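Down below is the structure, laid out as structure tokens.
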Amino acid sequence: MTTVPYNVIHAMTLSRDLLRLKLDESLAASPRALTRRDIRLPGIRGKALAVIGVRRSGKTSFLSQCRSDRLSADRAPESQLLLSLEDERLAGLTVADLGWLVEEHARVLAGLAGASERTLYLDEVQTVPGWEGLVRRLMDGGGVEVFVSGSSARLLSREVATSLRGRAMEVLVHPFSFREVLRHAGAEPTVGWDRLKPAERTSLDHRLRRYLVEGGFPEAQGADSRDRNDLLAGYVDVVVLRDVIERQGVTNPLALRWLQRQLLAHPGGAFSVKKHYDTLRSQGVSVGKDTLHEYLAHLEDAFLVRTVAMESASERQRMVNPRKAYPVDPGLIALFERSGRTHTGRALETAVLLELERRGFETSYVRTAEGWEVDFFAQRAGERPLLVQVCLESEGEANWDRELRALQAAAAVHPRSRPFLVTLDAAPPTRSLPKGFTWAGASRWLLEEM
């Protein structure tokens, strides 16, 4: 008979005691007062929900919101287990330990009369090696709802759904939208746009202009410009270092950093490999063209940038034509803009793209045979696609004519689409729009889906 040393038995016992304490603390935790997020959960049952998105966008807070929603729906508090696994007391936690804790929770719940279906929220789950196998087993067994999130590169990306082998669906969390920023500040309108007073509409327009500069990262709200810049710069550094350089084994960080700065400072710009390649070579930085393509993919996988391909029925055309890149938050633009110019139009374009993503649209851009471009071709299941043109003003002869001409040319190529103009200027156009075209001021559209 093998004798287990006393210190090993003590360590195992201590581990169970810690886990029971962690279980008790998690079940007893009171819901936190947080700014409510407008994030849709998939309605398909039997799937784990992988909460993904850029670092510091509010994924942990969103898990707390989901727990609070279930408690408000009369779920038993004991059925809602939110575990923060990045607890120094749990250093060295194994998947076997986590499995024991989950089973202990099931035993606690089974002893309660009228126990309801339980939900597990595993935050910072990447700290437990092998967690994927446990989640797959839980989903196969049924009777439990599982959320997972984390701050490692792998948990930020869509690899998490792949690792769960079809047993998970994604829930994408971006930084605050314009509406969520207003809600966070206690300034969200309580009535529809048509019922707002002129002064209230003007105030919202001013707040939108501020949002286009400051962005929507939760911790940056209310900070002065210097602190906000330091905070956001730190976010970007961590993403690039940990989620790209370390994770992907990047061997040319100088080229990567240069590319990251260019993409964030020039939102909506076409990603021209030749242009970036030639510029880097002129500065004495040696890097391959294929490597630049890879770096763009890495930055997108870490959710630091979003890319939009050209709309085409041909996959080859989508691949060979430049993609347009946008930051994941408009607040990152001013951080890297060094020319002193304002990029209000591009910031608005960025905000519109992110809002389309939040609303479940797949986006591309349109380039007509005549060379006209429309910012977004947005498609959502079961609906006619949207052709969205973003501009600053609803007036200005040359600018307005150019935007309308591009939209008309694209609408001729996509006759089923719904042509739509959104402007930062809240004043309605003084000239009639072509038949079938619609317009909205950006403040209204960002608050009320048209």
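Please treat every number below as a calculation from the coordinates, not as lab data. These numbers come from a predicted model, not from an experiment. Neighbour counts are summed over all protein chains in view; Cβ atoms, including those assigned to glycine, are modelled from backbone coordinates with ideal geometry.
Would you mind checking the range 121-135 for residues with the amide N under 20 Å from a putative spin-label position 7 Å along Cα→C-beta of Thr94?
Only 125-135 pass the distance filter.
Using a 10 angstrom cutoff on alpha carbons, build the Gaussian network for the chain and name the most mobile of Ser26, Ser282, Ser61.
Ser282
In terms of the ratio Rg/(2.2 N^0.38 Å) built on C-alpha atoms, what value belongs to the range 180-447?
After normalising by residue count via 2.2 N^0.38 Å, the value is 1.05.
Once the Cα atoms of helix 131-141 and of the chain are each reduced to a long axis, what angle between those two axes, in degrees from 0 to 90 to the nearest 10, is obtained?
The two axes meet at around 80 degrees.
Could you state the angle between the C-alpha long axis of helix 95-110 and the longest principal axis of the C-alpha atoms of the chain, as a value from 0 to 90 degrees rounded to the nearest 10?
Between helix and principal axis, roughly 80 degrees.
Using a cut-off of 12 Å between beta-carbons, work out the net charge of the residues near Leu232 (Lys and Arg +1, Asp and Glu -1, Leu232 not included).
Net charge around Leu232: -2.
Using only alpha carbons, build the gyration tensor for the chain and give me the equivalent ellipsoid semi-axes, biggest first, whole Å.
Calculated on Cα positions only, the semi-axes equal 43, 27, 21 Å.
By how many degrees, 0 to 90 and rounded to 10, does the Cα axis of helix 397-413 deviate from the longest principal axis of the chain?
Roughly 70 degrees between the two axes.
When only Cα pairs under 8 Å and 6 or more residues apart are kept, what is the percent relative contact order across the range 180-447?
Taking the mean separation of contacting Cα pairs over the length of the range 180-447, I get 15 percent.
Based on the Cα gyration tensor of the range 184-313, what are the three equivalent ellipsoid semi-axes, each the root of five times an eigenvalue, rounded to whole Å and given largest first?
Rounded to whole Å, the semi-axes are 37, 18, 13.
How high is the relative contact order of the chain, in percent, with contacts defined as C-alpha pairs under 8 Å that are six or more residues apart?
13 percent
On full extension of the chain, what length is gained from Arg165 through Trp439, given 0.36 nm per residue of separation minus the C-alpha to C-alpha distance?
Between Arg165 and Trp439, full extension yields 94.3 nm more.
Summing Lys, Arg as +1 and Asp, Glu as -1, what charge do residues with Cβ under 10 Å from the Cβ of Glu180 carry, Glu180 excluded?
+3
Give me the three principal axis extents of the range 6-173 from the C-alpha atoms, as integers in angstrom, largest value leading.
51, 38, 32
Under a cut-off of 12 Å between alpha-carbon atoms, report the aspartates and glutamates in cross-link reach of Lys47, not counting same-chain residues fewer than 8 places apart.
In chain and number order, the partners are Asp140, Glu145, Glu170.
If I take R0 = 41 Å and measure r between the Cβ atoms of Glu448 and Leu18 in this structure, what FRET efficiency does the formula 1/(1 + (r/R0)^6) give, to the nearest 0.05?
Once the sixth-power term is evaluated, E becomes 0.25.
What is the antiparallel percent of DSSP beta bridges lying wholly in the chain, to the nearest 5?
If I count the DSSP bridges inside the chain, around 30 percent turn out antiparallel.
In deg cm²/dmol, rounded to 500, what helix-only [θ] at 222 nm does the chain give when every DSSP H run of at least 4 residues adds -39500 (n - 2.57) and the total is split over its residues?
Numbers: 17 runs with 195 residues, N = 450.
The helix contribution divided over the chain gives -13500 deg cm²/dmol.
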